[in-house]
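Below is one structure, written out as structure tokens; comments come after it.
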Amino acid sequence: MTACYVAGPPDVYARHADDPASHRWEPQPASRGTGTPDEAAVRRALDSDVLVDITTTGRRSGLPRRLEIWLFRSGGRFFLTGYPADRPRDWYRNLLADPRLTVHLKESVVVDLPATAVEVTDAVDRRRVLDDILDQLSRPDNPQGLSEELDRAGWHARSPLLEITGLT
């Protein structure tokens, strides 16, 4: 059973019962004893976890599309971005077409959070947020840090940038 929810309620997941070693997950309602993480645990996870999955709706197929991505924080707000590219990524184009998504926390807590993506188009805000994200990635103590020199001009010009709202 593959579980993908688009803008659905929070759910807790456990390994698929038929194959506990697999990477397949199935929803576990709170009534099955797994419990939903409390609000404080979700808030702590949003403040610290970086690696998340998101589920978008395919702009042509209308089907759920799930992928792993980093969730960044800047100025108390949440963002998705990616390496500079000459062609927009599918997840980005999907969110421009339908901004509803589900953010799947999976590091310190496992919970699905409905959210909305808003493209950052203001040049000053975009530069400030991307510079903050690049500073985070460049820190030597950051486990997600990048080892290569970052082309800030390329990031400013060709990286997707979406603010994720509705998580708090």
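Things to note:
- At least 2 residues being among the small types (Gly, Ala, Ser) is the threshold, and among the helices (runs of 4 or more DSSP H) wholly inside region 72-162 those reaching it are 123-138, 152-158.
The rows are residues; the columns are (1) over 19 Å from Thr165 (Cα atoms); (2) modelled with pLDDT under 95.
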{"residue": "Thr81", "(1), (2)": "no, yes"}
{"residue": "Leu96", "(1), (2)": "no, no"}
{"residue": "Glu107", "(1), (2)": "yes, yes"}
{"residue": "Thr116", "(1), (2)": "no, no"}
{"residue": "Val120", "(1), (2)": "no, no"}
{"residue": "Asp131", "(1), (2)": "yes, yes"}
{"residue": "Gln136", "(1), (2)": "yes, yes"}
{"residue": "Ser147", "(1), (2)": "yes, yes"}
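Residue-wise test of (1) surrounded by 14 or more Cβ atoms within 10 Å (Cβ to Cβ); (2) closer than 27 Å to Asp38 by Cα.
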site: Trp70; (1), (2): yes, yes
site: Phe78; (1), (2): yes, yes
site: Leu105; (1), (2): yes, yes
site: Asp135; (1), (2): no, no
site: Pro140; (1), (2): no, no
site: Leu161; (1), (2): yes, no
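- Pair list, Cβ under 6 Å, 6 or more apart: region 45-56 residue over 17 Å from Gln136 (Cα atoms), other residue part of a loop (DSSP other than H, G, I, E, B) and among the hydroxyl-bearing types (Ser, Thr, Tyr): Ala45/Ser108
The values are calculated or read from the model by the stated rules, or taken from the named source; none is laboratory data. Note that the coordinates shown come from a computational prediction; the quantities given were computed from them, not determined experimentally. When we count neighbours, we look across all protein chains shown, and the Cβ atoms used for this are built from the backbone with ideal geometry, even at glycine.
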